[in-house]
Amino acid sequence: MTKTNHDDFGDENKVKDIWWKKGVIGDRVKGTLLSVKQIESQMPDKKGELVTIYELKALFGEFHDIDENKKPLETPTKVDPCSMVLVSGTLGIDNKMRHAKPGDIVGFKFVSETPNKTKGYNATKNVDVYFYGKDEAWLKEQAAPTDMAKESTPFDMMS
């Protein structure tokens with residue numbers, strides 16, 4: 001039995017989101033699509049707009065984080081297999097992902113930049129999307145009843 005310190009809520013134990021970044025051409029991530037969500041944009045000029053977020057269980061990936069000056073760091077971040085990775089949608093990504101379903105194995109690769117037609121705006125980062133079939137093991141796991149489903153919950157006792 002693992003002994004835990006119930007007062008240990010330090011940063012070393014905090015679950016952190018891994019956001020896939022497009023820092024250097026060639027940055028890529030591949031994994032099983034777990035979910036597709038829409039959240040409100042955090043960009044100052046896009047307040048109120050919804051952004052699509054793709055949640056992956058990673059198989060492979062690496063990307064270059066971006067510093068505060070929007071420059072990619074030299075050393076790439078390696079994505080550990082089975083870690084959860086979030087990919088922000090764009091018009092191009094969303095169009096290519098419109099038929100994707102949870103359980104699909106998908107990949108994203110930063111392939112090129114197109115200069116922005118509006119002066120002062122960043123270049124458009126072009127991403128290719130790849131499909132590799134279904135993650136049959138993950139789908140089977142999702143379909144299997146869990147032991148918890150067989151047990152009553154505290155909410156059942158309240159009714």
Scan segment 26-45 residue by residue and report those that are assigned to a strand (DSSP E or B) and surrounded by 14 or more Cβ atoms within 10 Å (Cβ to Cβ). R28, V29, K30, G31, T32, L33, L34, V36
With the structure loaded, tell me whether G23 is touching a residue at least 12 places away in the same chain (Cβ under 8 Å) and in a loop (DSSP other than H, G, I, E, B) or whether it fails that test. yes
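Among what's in segment 34-78 and is small (G, A, S) and farther than 28 Å from A143 by Cβ, pick the residue that is farthest from the chain's Cα centre (by Cα).
Looking at residues that are small (G, A, S) and farther than 28 Å from A143 by Cβ, I get G48.
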Matching residues, segment 93-106, being in a loop (DSSP other than H, G, I, E, B) and surrounded by 14 or more Cβ atoms within 10 Å (Cβ to Cβ): M97, A100, P102, G103
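Could you please let me know if D128 is over 16 Å from W19 (Cβ atoms), assigned to a helix (DSSP H, G or I), modelled with pLDDT of 95 or more and of a type in the set (D, E, K, R)? Even if it seems obvious, please write down each step before you answer.
On the way: over 16 Å from W19 (Cβ atoms): yes; assigned to a helix (DSSP H, G or I): no; modelled with pLDDT of 95 or more: yes; of a type in the set (D, E, K, R): yes.
No: the conditions fail for D128.
Residues checked against (1) aliphatic (A, V, I, L, M); (2) surrounded by fewer than 10 Cβ atoms within 10 Å (Cβ to Cβ); (3) modelled with pLDDT of 90 or more:
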residue	(1), (2), (3)
D7	no, yes, no
K47	no, yes, no
A58	yes, no, yes
E62	no, no, yes
L73	yes, no, yes
V79	yes, no, yes
L91	yes, yes, yes
Filtered residues of segment 8-20 (kept if in a loop (DSSP other than H, G, I, E, B) and touching a strand residue (DSSP E or B) at 6+ places or on another chain (Cβ under 6 Å)): D17, W20
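The values are calculated or read from the model by the stated rules, or taken from the named source; none is laboratory data. All values reported here derive from a predicted model rather than from experimental measurement. Virtual Cβ from ideal backbone geometry, glycine too; neighbours counted across all protein chains shown.
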